[in-house]
Amino acid sequence: MKTKLPVSIILFFLCVSVYGQNNYRVMFYNVENLFDTADNPHKNDEEFLPDGRRHWSQKRYYTKINNLAKVISSAGEWGVPAIIGLCEVENEKVIRDLIHHSPLKKTDYRFVVTNSPDRRGINVALLYQRDQFKYLEHRAYAIRFPYNKRKATRDILHVTGQVLSRDTVDVFVCHFPSRRGGENESEPDRVYVASVLRSKADSLMHIRKNAHIIVMGDFNDEPSNKSIAQTLNALSIPQKPETTQLYNLFRHFEKKTGSYKYKDQWNMLDQIIVSGNLLSGSNSFKVLPHTATIFSRHFMLTEDKTNGGKRPRKTFNGMKYESGYSDHLPVIVDFKVEDKK
């Protein structure tokens, strides 16, 4: 006797099959001050200690770890993202706790993290699923401002790996200097970091015939600001992308919505940028059109009692502990990959 499955069940398994075989999700997330509870005598981390101003206890720390794991798991939908760029992580320990001492322990994430000279001790990292991204090598590019040798900021992380299509992919994870002191006053710092990043991308395009480049980060600038639109030269997606050009998948989000809310204004500070050949229809690894989005779920937001509407539910709102997730929302984009095992 043959039994017919309901259409809804058939569609469900088809979706799972398609996602598992073809979709490759990339995510970037500023996780807002992911500090452990131990003192680093060489960094300004005193705020985030048990006896510090924020009373950063083990309980609060592991609440944060589990909250971030919840966001990452939710962003994966049918699984977890293949690769995730993170910023505002203190060190290797917090990454290990995130992937080994939270619900993410059921996944198979590996990671690379920088050890930057940033005075607060925050860094950038890349998580990757070992079966979807074969790690080859990585480098951290230190930033040396020629006009201020004492200024310190986060390194640019460059990780090279191979995806299931056997394409070599170069991933850059960035956290550009903040707007502290004023947007215009601090702009030269972001422009300089963008010039270093552009130089590294140009070198790859010269070395590799078809460079597959993914740049992700909190740029502390909008897509149309000078550092992104001019220095990095990350453009809107045209009908016919050029292979040696960089394109900002989040250019069209600007002034409509954003990943970070400052007062009553949403800003598109977190972005994912790709090289032109990742937009080509003939490639075995390429961006799926219209999949770039700001990832948001109701539990990640709270009522904005000061400015109206909603805002991200933070770890701290000012000095008030909010037991939330981050002051930023993550961004995601899907790629199609042909498995050539």
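The values are calculated or read from the model by the stated rules, or taken from the named source; none is laboratory data. These numbers come from a predicted model, not from an experiment. Virtual Cβ from ideal backbone geometry, glycine too; neighbours counted across all protein chains shown.
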- Note on the structure: The condition from (1) crowded, with 21+ Cβ neighbours inside 10 Å; (2) touching a Gly at 6+ places or on another chain (Cβ under 8 Å); (3) not small (Gly, Ala, Ser) that ASN267 misses is numbered (1)
- Selected residue (only one of LEU279, LEU249, LEU232 is touching a strand residue (DSSP E or B) at 6+ places or on another chain (Cβ under 7 Å), surrounded by fewer than 23 Cβ atoms within 10 Å (Cβ to Cβ) and closer than 24 Å to HIS158 by Cβ): LEU279
- Pairs returned, first residue in segment 288-300 that is closer than 11 Å to ARG311 by Cα, second residue that is hydroxyl-bearing (Ser, Thr, Tyr), beta-carbon separation under 6 angstrom, 6 or more apart or interchain, are MET300/TYR325
- Query: Considering segment 176-232 alone, what residues qualify as being part of a strand (DSSP E or B) and without any contact (Cβ under 8 Å) to a residue 60 or more places away in the chain?
  - Reply: VAL215
- Query: Looking only at segment 289-341, which residues are among the hydrophobic types (A, V, I, L, M, F, W, C), closer than 28 Å to TYR61 by Cα and part of a loop (DSSP other than H, G, I, E, B)?
  - Reply: PHE295, MET319, LEU329
- Go through (1) within 18 Å of the chain's Cα centre (by Cα); (2) without any contact (Cβ under 8 Å) to a residue 40 or more places away in the chain; (3) surrounded by fewer than 22 Cβ atoms within 10 Å (Cβ to Cβ); (4) within 17 Å of CYS87 (Cβ to Cβ) and name the single condition THR160 misses. (4)
- Message: Checking LYS240 against (1) outside any helix (DSSP H, G or I); (2) in contact (Cβ under 8 Å) with a residue 12 or more places away in the chain; (3) not aliphatic (A, V, I, L, M): exactly one of these is not met. Which one?
- Response: (2)
- Message: Just to be sure before I move on: is ILE273 among the β-branched types (Val, Ile, Thr) and crowded, with 21+ Cβ neighbours inside 10 Å in the structure I sent?
- Response: yes
- Is it true that VAL196 is in contact with a Phe, Trp or Tyr (Cβ under 6 Å, 6 or more places away or on another chain) and of a type in the set (A, V, I, L, M, F, W, C)? no
- Task: Looking at (1) in a strand (DSSP E or B); (2) more than 26 Å from VAL163 (Cβ to Cβ), find the lone condition where LYS286 falls short.
- Result: (2)
- Inspect all residues belonging to segment 133-141 and state whether any of them is buried (at least 19 other Cβ atoms within 10 Å of the Cβ), in a loop (DSSP other than H, G, I, E, B) and without any contact (Cβ under 8 Å) to a residue 60 or more places away in the chain. yes
- Query: Would you pick out the residues in segment 188-197 that are of a type in the set (D, E, K, R) and out of contact with any helix residue (DSSP H, G or I) (no Cβ under 6 Å at 6 or more places or on another chain)?
  - Reply: ASP189
- Query: Given the conditions (1) farther than 24 Å from HIS328 by Cβ; (2) modelled with pLDDT under 95; (3) touching a Leu at 6+ places or on another chain (Cβ under 9 Å); (4) not basic (Lys, Arg), which single one is not true for GLU242?
  - Reply: (3)
- Any pair with Cβ under 8 angstrom, 6 or more apart, that starts in segment 251-267 at a residue that is under 12 Å from GLY309 (Cα atoms) and ends at one that is not in a loop (DSSP other than H, G, I, E, B): LYS261/ASN267; LYS261/ARG311; LYS261/PRO312; TRP266/TYR260
- Message: Take residues that are over 22 Å from PRO312 (Cα atoms) and at pLDDT below 95 and tell me which of the helices (runs of 4 or more DSSP H) falling wholly in segment 3-119 contain 2 or more.
- Response: 7-22
